[in-house]
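Report on one structure; see the data block that follows.
The values are calculated or read from the model by the stated rules, or taken from the named source; none is laboratory data. Computed from a prediction, not measured in an experiment: that's the story for all the values here. Quick reminder, even Gly has a Cβ in these numbers, built from the backbone with ideal geometry, and neighbours come from all protein chains shown.
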Amino acid sequence: MEDKRKIIMDVDTGSDDAIALVMSMLDEHFDLLGICSVNGNIEVKLTTDNSLRVVECCDKQEEVKVYKGCDIPMVSTLMPWTPQSTGIRSEGMKDSPMPNPRREGTRAGDKEVHPEHLPLPAPVIREADKSAVVWLIETLLASEGKEITLIPVGPLTNIAVAMRADPRIIPKIKEIVIMGGGHLVNNTSPASEFNVWVDPEAMEVLLHSGCKITMVPLDATHAAYITVGESKRIRAIGTKPAVLIADLIEQRTVGYAQFDAEMNEKQGAPLHDALAVCAVLYPEVLKNVLHCNCHVDISRGYAYGQTIIDRRERVHPEPLNCYFALDADRELFYNWMVEVLEKDKARRGL
Ligand code: BDR
Ligand code: CA
């Protein structure tokens, strides 16, 4: 039998994270070793709670554990002049509760895109009794050769902290497929994408690590938008995970229509994080992929959090540290989701 792809999901669940989690649990080509939660779309206690809800929705509570991760970014909250610094405190520090960057400057549509609670029952299961960073280090060190692929689809804090705490994990990582960054498409400022903007120093740690990195930026995820019309076929599958995905596509479409003129016209929304999951098994879903040098602006000006890719054709180019996708195959992505959800239905004997 063909070997399954060993993966670890790192999420800030989050509606598109939820779709990514469903796909990582239901595609039988994956061996999902665990889920790490992180601060991002909402506070980490909520991203953890939402991830547990998704695990139960997929009936995977016996197999998949959720590890609670970092509750603030690595460095940026120490800088009083950064856009997200005001009042942010780690849960363990005085003066909690901690406001979330997304909630600080709430934009019309944000609450529909990432509600605090997913439309699922409160979870019965609890997170594991170990922090995500410790579990990541232990799991990678115990693995043989390069066999584990990391799929971070939230701010990169957990992985960067793990790399800093124990660099011996770096040569153990097979590949890191990241939903993050943007070249011509951005969402949090004219220059930056949300996951990178929340913790730009963490993204830089990864880009300097020497690991094989594939970036699935907004340029690719927006090209792979899914429409409300297409969600109807997913809803018709009728299983709990399929209905959840259809609900989330509809909810995201309502949200995007309030701030994104193109998505409003298309009556759809990008499912960013799920595209990164698809790209692990089907790299051809990413199109116009540049092998290039990429770094993040951490200089705290207008371009703060920007992923800058070097497209100059140099005789002696800068080190090529990532694959950066500028486009995607929307049809392949949609068909993959439908096929995986239908197979799951058949497996359940429905
Ligand atoms: C990314 O930011 C989050 O809002 C989404 O979950 C996705 O990971 C898109 O910029
Ligand atoms: Ca996310």
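Worth a mention:
- Qualifying residue in the range 59-72 (condition: at pLDDT below 95 and within 16 Å of ligand 2 (Cβ to nearest atom)): yes
- Test result for V340, over 23 Å from Y225 (Cα atoms) and not basic (K, R): no
- One residue alone among V285, V254 is in contact with a helix residue (DSSP H, G or I) (Cβ under 8 Å, 6 or more places away or on another chain), away from ligand 2 (no atom under 16 Å from the Cβ), within 13 Å of V228 (Cα to Cα) and aliphatic (A, V, I, L, M), and that residue is V254.
- Selection of helices (runs of 4 or more DSSP H) fully inside the range 186-240 by the criterion of at least 1 residues being under 15 Å from I298 (Cα atoms) and within 11 Å of ligand 1 (Cβ to nearest atom) returns 194-198.
- Some residue of the range 23-38 being buried (at least 24 other Cβ atoms within 10 Å of the Cβ), more than 15 Å from I125 (Cβ to Cβ) and out of contact with any helix residue (DSSP H, G or I) (no Cβ under 8 Å at 6 or more places or on another chain): no
- From the options I245, I178, residue that is within 16 Å of ligand 1 (Cβ to nearest atom) and farther than 23 Å from K111 by Cα: I178
- Pairs are defined by a Cβ separation below 6 Å, a sequence spacing of at least 6 or placement on different chains, a first member in the range 189-217 that is closer than 18 Å to N158 by Cα, and a second member that is modelled with pLDDT under 95 and away from ligand 1 (no atom under 16 Å from the Cβ); the pairs so defined are D199/M74; P200/I298; E201/M74; E201/V75; E201/I298; A202/M74.
- Residue satisfying all of: in the range 1-22; without any contact (Cβ under 8 Å) to a residue 60 or more places away in the chain and surrounded by fewer than 24 Cβ atoms within 10 Å (Cβ to Cβ); nearest to K60 (Cα to Cα) among these: K4
- Considering residues of the range 1-48 that are under 16 Å from the mean Cα position of the chain (by Cα) and charged (D, E, K, R) only, the residue farthest from ligand 1 (Cβ to nearest atom): E43
- Condition met for A269 (within 18 Å of W336 (Cβ to Cβ), within 16 Å of the chain's Cα centre (by Cα), among the small types (G, A, S) and surrounded by 15 or more Cβ atoms within 10 Å (Cβ to Cβ)): yes
- The single residue among L290, L320 that is more than 16 Å from ligand 2 (Cβ to nearest atom), modelled with pLDDT of 95 or more and assigned to a loop (DSSP other than H, G, I, E, B) turns out to be L320.
- For the range 160-174, the criterion of being farther than 14 Å from V75 by Cβ, within 16 Å of ligand 2 (Cβ to nearest atom), not in a loop (DSSP other than H, G, I, E, B) and not hydroxyl-bearing (S, T, Y) is met by none of the residues.
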